[in-house]
Structure formats: structure tokens, C-alpha cells
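Engineer: Here it is: the structure, laid out below.
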Amino acid sequence: MIIVIMGPTASGKSRLALETAQKINGEIVSFDSMQVYRGLEIGTAQPTAAERQMIPHHLVGIYDIHQRLDVYTFTELAEKAVQDILQRGKVPILAGGTGMYLRSFLYGMDDMPGDRKIRAELDELYDAPEKEPALHARMAELDPAVLEKWRDCRRRLIRALEVKLVSGKSILELQQNLDRKLRYDIQAFKLDLEPEVLNQKIAARTEVMLNEGWIEEAEAAIKAGLLETPTAHQALGYKLIASYLNGEFSLAVLKEKLIIATRQYARRQRTWFRHQHPEAQSVTSPESPLPIVH
């Protein structure tokens with residue numbers, strides 16, 4: 001049995017996962033694509049040293065910010081962590097808000113044809129912001145429907161191009177024939193707080209993170225090259241802090257912008273979980289124990 005706790009940022013997943021792990025002899029596997037990075041502890045709300053001493057946490061702080069991470073690599077890492085936990089007689093508790101990673105793990109990867117050599121070549125050719133025009137041009141020629149759908153998602157476009165080159169078919173055509181089923185025996189829960197409550201939690205947590213030294217952490221990470229990294233640069237809030245450090249606006253404006261950006265991200269997460277995770281039971285309060293069936 002695997003327990004899954006998903007939900008938008010600041011909804012209380014981490015605390016609920018910790019409390020649940022203590023009750024059922026569990027260990028936590030983080031499903032947050034940015035918590036894997038060292039040096040972003042405050043901004044990605046990583047578990048504290050005390051929390052990690054209380055309950056083992058997996059896939060937290062294991063990557064340098066300059067290392068690339070994609071859904072395929074993450075899924076492999078999560079698979080190893082879950083199998084290790086199960087083999088030791090513990091209960092894996094998957095907790096996080098990166099919906100695409102969760103879905104890929106629970107239902108399997110897209111089951112589309114692929115070729116590692118071709119993928120490596122495509123990454124070299126197209127996986128950088130300045131290379132996107134060339135990628136768009138090639139997709140416009142080979143698969144314009146995919147370009148229209150995923151124009152703003154470079155990684156998806158590259159994956160779609162890989163599928164097209166390997167199979168000769170559009171990834172959209174192949175997806176229509178997928179019948180995905182859960183790969184594990186799970187009990188899944190999604191935190192579904194009232195928007196007003198979640199907004200208040202986001203504002204409060206932003207205040208705490210700033211007081212704990214988020215700006216100083218961001219400054220160090222930016223000096224280390226964060227904004228030029230292949231994946232870690234996507235971590236929420238750090239670009240805004242960079243603008244603040246450049247004198248573009250005041251601390252009060254920074255706080256407001258961080259709260260707005262986090263609320264917008266949370267809305268996107270809520271939409272994803274609503275449509276992509278029918279297996280999850282809604283939980284309206286992180287303070288209530290999960291109704292786990294033993």
C-alpha cells in the first residue's frame with residue numbers, strides 16, 4: 001500500500017504527510033520538482049533538519065542546482081525510493097504538488113515510443129530558450145497541431161518531436177489510444193481548501209519565508225548561477241527576488257508580487273489535480289487525520 005497526499009502549494013501537505021508517517025510507520029517521498037535542489041531550502045519549503053530526523057524524507061536536496069531534472073529521471077528516482085521503502089516494511093507516503101510527476105509515477109510514463117540517442121540529440125539541438133524558434137519551426141513543419149497545443153512548453157515539444165521521429169505518428173494521435181491504469185495499490189488524497197483559506201495560508205507562509213532568509217538564500221543561489229540553470233531556474237519566486245535585488249521595486253512590492261505569483265501557481269495546481277487525479281479523495285482540512293483504510 002502507498003499513501004499519496006497531493007495539493008496546491010501552502011495547503012499543508014508536508015505537515016499532514018509528517019503526521020501520517022508517524023502514525024503508520026511511513027517514510028516520505030517528496031513529489032516536488034524543486035525540492036530536489038540544494039541551496040533552495042527556504043524558497044521551496046523543504047522539510048527542516050528536525051523533520052527529516054523525525055521521519056526519513058526522500059528526493060529532497062539531492063541535486064546541485066546546475067543539474068537537469070525531467071519527469072523521466074524523477075520517476076526513476078521515485079521508483080527506486082518507493083521500492084526501497086516497501087522492501088524495508090515501511091509505508092511510502094508520496095507528498096507534493098508537482099502534478100505531472102505524480103501522474104507519471106502513478107499511471108506510468110506516456111508509453112510512447114522513444115529513443116534515448118535521438119532524445120539526447122534533440123535536447124542538444126533545442127533545449128534552451130534561444131533555440132526555441134528553431135524547435136517551433138521544425139514542429140510547424142512536422143506536427144503543427146502539437147505546436148499549437150504546447151507552444152509554451154519546450155520539454156513537451158521536444159518529447160513530441162522524439163515520438164514523431166521514432167514512430168512517424170503524432171503524439172496526440174497515440175495518446176487517444178492510451179488506457180492508463182494505476183500501477184500501485186494506493187490510497188490517494190488531495191487537499192482541497194477553500195480558495196480564501198488557501199490565499200491566507202499563502203500570504204502567511206510568504207511572510208515567514210522572507211523572515212527566515214529567503215532573500216539572502218536567493219541572492220546566494222543567483223550568484224551561483226541559478227537563473228542560468230537548465231531546470232532549477234523555474235523555482236517559484238527567485239526571479240522576482242532577483243528583480244528586487246536589482247532595485248526594480250521595494251520590499252513591500254516584492255512581497256505582494258510573491259503572494260500573487262504563488263496564488264496563480266496554486267490555481268493551476270488545483271485545476272490539474274481536479275482533472276488529472278480522479279483516484280484522489282478530497283480532504284478539506286490538513287488538520288484532520290486522513291481516513292486511511294487498513
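Engineer: For LYS239, give me every one of the lysines with a C-alpha distance below 17 angstrom, ignoring sequence neighbours fewer than eight places off in its own chain.
Structural biologist: LYS223, LYS255, LYS257
Engineer: Roughly how big is the chain's charge dipole about its Cα centre, with Cβ charges of +1 (Lys, Arg) and -1 (Asp, Glu), in debye to the nearest 20?
Structural biologist: 480
Engineer: Moving on. Using r as the Cβ-Cβ distance of ARG88 and LYS255, and R0 as 30 Å, what FRET efficiency do you calculate, to the nearest 0.05?
Structural biologist: Computed FRET efficiency for ARG88 and LYS255: 0.10.
Engineer: So, counting K/R as plus one and D/E as minus one, what does the shell of residues with Cβ under 12 Å around LEU258 add up to?
Structural biologist: +3
Engineer: At 25 °C and 0.890 mPa s, grab the translational diffusion coefficient of the range 67-115 from Stokes-Einstein with a Kirkwood Rh over Cα pairs, rounded to a whole number in µm² per second.
Structural biologist: Translational diffusion coefficient: 206 µm²/s.
Engineer: A further question on this structure: Between GLN200 and THR48, take the C-beta separation as r, use R0 = 30 Å, and let me know the FRET efficiency to the nearest 0.05.
Structural biologist: Working from the Cβ atoms, E equals 0.85.
Engineer: Which cross-chain or sequence-distant (5 or more) residues have an amide H under 5 Å from the amide H of VAL29, H modelled 1.01 Å from N in plane?
Structural biologist: HIS58, ILE93, LEU94, ALA95
Engineer: Placing +1 on the Cβ of each Lys and Arg and -1 on the Cβ of each Asp and Glu in the range 29-94, which of TYR63, VAL82, LEU40 has its Cα farthest towards the positive end of the resulting dipole?
Structural biologist: Going by the Cα projections, it comes out as VAL82.
Engineer: Continuing with the same structure: With the Cα gyration tensor of the range 82-143 giving a ≥ b ≥ c as the square roots of its eigenvalues, does the rule (a/c under 1.5 for rounded; else a/b larger than b/c for prolate; else oblate) give rounded, prolate or oblate?
Structural biologist: Note, shape of the range 82-143 comes out prolate.
Engineer: Same structure, new question: Would you calculate the separation in nanometres between label points at SER167 and ARG267, each defined as 7 Å from the Cα along the Cα-to-beta-carbon direction?
Structural biologist: About 3.4 nm, to one decimal.
Engineer: Note down the nm distance, to one decimal, between modelled labels 7 Å out along Cα→Cβ at ARG116 and at HIS275.
Structural biologist: Roughly 3.4 nm, to one decimal.
Engineer: Oh, and also: For labels at GLU212 and HIS233 in the simple 7 Å Cα→Cβ model, what's the distance in nm?
Structural biologist: That separation, rounded to one decimal, is 2.6 nm.
Engineer: Quick one: which residues, 5 or more positions from GLN281 or on another chain, have an amide H under 5 Å from its amide H? H modelled 1.01 Å from N in the peptide plane, none for Pro or chain starts.
Structural biologist: Those lying under 5 Å, H to H, from GLN281 are ALA188, PHE189, LYS190.
Engineer: With +1 assigned to the C-beta of every Lys and Arg and -1 to the C-beta of every Asp and Glu, and no other charges, what is the dipole magnitude of the range 151-218 about the Cα centre in debye, to the nearest 20?
Structural biologist: Charge dipole of the range 151-218: 720 debye, to the nearest 20.
Engineer: Further, regarding this structure: Given the Cα-Cα distance of GLU141 and ILE292 and 0.36 nm per residue of separation, how much length would full extension add, in nm?
Structural biologist: 49.3 nm
Engineer: A further question follows. Quick one: with all protein chains in place, what share of the accessible area of the range 11-51 is carbon or sulfur, to the nearest percent (1.4 Å probe)?
Structural biologist: The nonpolar share, carbon plus sulfur, comes to 52 percent.
Engineer: Please work out the average accessible area per residue across the chain, using the 1.4 Å probe convention, and give it in Å².
Structural biologist: On a per-residue basis, the chain sits at 50 Å².
Engineer: Could you point to the residue in ILE158, LEU182, LEU172 farthest towards the positive end of the range 149-194's charge dipole, with +1 and -1 charges on the Cβ of Lys/Arg and Asp/Glu respectively?
Structural biologist: With unit charges placed on the Cβ atoms, the residue in question is ILE158.
Engineer: OK, next. Could you rank ARG15, ARG159 by how accessible they are, 1.4 Å probe, largest area first?
Structural biologist: ARG15, ARG159
Engineer: Still on this structure, please answer the following. For the range 1-115, what does the alpha-carbon gyration tensor say about shape, rounded, prolate or oblate, given a ≥ b ≥ c as the root eigenvalues, a/c under 1.5 as rounded, and a/b over b/c as prolate?
Structural biologist: oblate
Engineer: State to the nearest 20 debye the size of the charge dipole of the range 10-98 about its Cα centre, where the only charges are +1 on K and R beta carbons and -1 on D and E beta carbons.
Structural biologist: 220
Engineer: So between GLU130 and ARG156, what do we pick up on full extension, going 0.36 nm a residue minus the alpha carbon distance?
Structural biologist: Gain on extension, GLU130 to ARG156, equals 7.7 nm.
Engineer: Another question, then. Give a residue-ordered list of calculated ³J(HN,Hα) values for the range 226-231 (Karplus: 6.51 cos²θ - 1.76 cosθ + 1.60, θ = phi - 60°; whole Hz; x for Gly, Pro).
Structural biologist: So the Karplus estimates, Gly and Pro as x, are 3, 6, 9, 6, x, 10 Hz.
Engineer: Give a residue-ordered list of calculated ³J(HN,Hα) values for the range 260-271 (Karplus: 6.51 cos²θ - 1.76 cosθ + 1.60, θ = phi - 60°; whole Hz; x for Gly, Pro).
Structural biologist: 5, 4, 5, 5, 5, 5, 4, 5, 5, 5, 4, 4
Engineer: Shifting gears a bit: State whether the chain is rounded, prolate or oblate according to the following rule on the C-alpha gyration tensor (a ≥ b ≥ c being the square roots of its eigenvalues): a/c under 1.5 gives rounded; otherwise a/b larger than b/c gives prolate, and the remaining case gives oblate.
Structural biologist: Here the chain falls in the oblate category.
The values are calculated or read from the model by the stated rules, or taken from the named source; none is laboratory data. Treat the numbers as computed from the prediction; the structure is a model and nothing was measured. So basically every Cβ, Gly included, is an ideal-geometry build from the backbone, and we count neighbours across all protein chains shown. The accessibility values were calculated without ligands, DNA or RNA, using every heavy atom of the protein model including side chains. Shrake-Rupley method; radii C 1.70, N 1.55, O 1.52, S 1.80 Å.
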